[in-house]
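Data block below; observations after.
Taken together, the values in this text are just the output of simple stated rules run on the coordinates, not laboratory data. These numbers come from a predicted model, not from an experiment. Here the Cβ is made from the backbone with ideal geometry for all residues, glycine too, and neighbour counts use every protein chain on show.
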Amino acid sequence: MNKITKVILITLIIILSLITGVIGYDRFTANNKYSINEKNLKIPILVYHDIVENKSEVEFDYMQTTKEIFEKQITGLMNLGYKPISYEDLIAYKNGEEKIYKKSFLIGFDDGFDGVYKYAYPFAKENNIPITSFLINDFVGLDGYYTWDNAREMDKSGVVKIYSHSLKHDNYDTYSKEDLLKDVNASLAQIEKELGHSVEKIFTYPCGKFNKEEQEFLRKNGIIQNLTDNKINQSKNLNLSGLHRMYPLNDPVWKILLKIEYRSIKYGS
Ligand SMILES: [Zn+2]
């Protein structure tokens, strides 16, 4: 073996050991839990819209994910040590009342499509995975959207939490801040009435449209707010009045992982 071959071989062994070490460490520490000040964690929130049975049913690929791909994404992430948590866990974590797993992530669905009830809910229930659905009050029960009965059934299961995506999915960035707050509170009040219990004040802006004044006003009034900006939350600047969310769409797991890493670096400071 000449000198160059030896150097290449040794370098390869070092690189392989490093990779194995990092993966091993990652696996070994996947069950570690941390409080908010202990460690800066990346906390991705995946946002889906509709889940459809198979590829032939996909009409809008920017908002529909097939059942098979959705399940592959979630189980793929979980096999890599990612643990799904609920918004309640995230709030308790932010308030310093709860620790969360090193690789926690959240799963949400905007709009209240019936694919959530038909496909995401049975999968979540079977695997005890917390998921969150943000419904539009005026769309509940319309063609393609789940009903209040479906909502109650999902809510009772304990794995699905239901919050607000506004009363009518309007361009709320053009509303006065007072009118927006009224809309959000009316939406949440109806959800509470239909489900028969109080819920956390969590709201998702339709089409991700909002203005800074509204965001601040809702914050002051205790509303937790979801954005749709394809960014990743981090413990060190976790903001419950502007939670970042990313679209997994029909991405393979490796692409979701790359997006989490890349966007954490790009927007993480
Ligand atoms: Zn929407």
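Listed values, structure above:
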read-out: Within a Gaussian network of the chain (alpha carbon springs, distance under 10 Å), most fluctuating of Pro248, Pro122, Pro44; value: Pro122
read-out: Point-to-point label distance, Ile265-Ser35, nm (Cα→Cβ direction, 7 Å offset); value: 3.3
read-out: Residues with amide H under 5 Å from that of Ile43, placed H, sequence gap 5 or more; value: Asn233, Gln234, Ser235
read-out: Length-normalised contact order for region 190-230 - Cα pairs under 8 Å, 6+ apart - percent; value: 44
read-out: Cβ-based charge dipole, region 1-80, positive-most Cα from Leu16, Ile45, Tyr62; value: Leu16
read-out: Cα gyration tensor, region 142-269 - rounded (a/c under 1.5), prolate or oblate; value: oblate
read-out: Highest-first arrangement of 155-167, 98-110, where packing means the average Cβ count within 10 Å; value: 98-110, 155-167
read-out: The chain: radius of gyration over Cα atoms, expressed as a fraction of 2.2 N^0.38 Å; value: 1.11
read-out: Separation of the Glu192 and Glu178 label points, Cα + 7 Å toward Cβ, nm; value: 2.2
read-out: Nearest 10 degrees, 0 to 90: helix 177-195 Cα axis against the chain principal axis; value: 90
read-out: Cα→Cβ-extended label distance, 7 Å offset, between Lys255 and Thr5, nm; value: 4.2
read-out: Positive minus negative residues near Phe139 (Lys, Arg vs Asp, Glu; Cβ under 9 Å); value: -1
read-out: Contact order normalised by residue count of the chain, Cα under 8 Å, 6+ apart, percent; value: 20
read-out: Karplus 3J(HN,Hα) series, Hz, for region 70-76 with 6.51 cos²θ - 1.76 cosθ + 1.60 (x for Gly, Pro); value: 4, 5, 5, 4, 5, 5, x
read-out: Partner lysines for Lys55 [C-alpha distance under 28 Å; skip if fewer than 8 residues away on the same chain]; value: Lys67, Lys72, Lys83, Lys118, Lys125, Lys161, Lys231, Lys255, Lys259
read-out: Max mean-square fluctuation residue, GNM over the chain, Cα-Cα springs under 10 Å, options Tyr87, Tyr146, Tyr62; value: Tyr62
read-out: For region 100-173 versus region 34-75, the gap between their alpha-carbon centres in whole angstrom; value: 13
read-out: Convex hull volume per residue in cubic angstrom - Cα atoms of region 1-111; value: 164
read-out: For Ser241, distant residues with modelled amide H under 5 Å away; value: Gln225
read-out: Within the chain, helix-based [θ] at 222 nm, where runs of 4 or more DSSP H residues each add -39,500 (n - 2.57), nearest 500; value: -12500 deg cm²/dmol
read-out: Under Karplus coefficients 6.51, -1.76 and 1.60, residue-wise ³J(HN,Hα) of region 255-266 in Hz, glycine/proline x; value: 6, 4, 4, 4, 4, 4, 5, 4, 6, 5, 6, 5
read-out: Extension gain (nm, one decimal) between Ile14 and Asn54, 0.36 nm per residue minus Cα-Cα; value: 10.0 nm
read-out: Antiparallel bridges, percent of DSSP beta bridges restricted to the chain (to nearest 5); value: 15
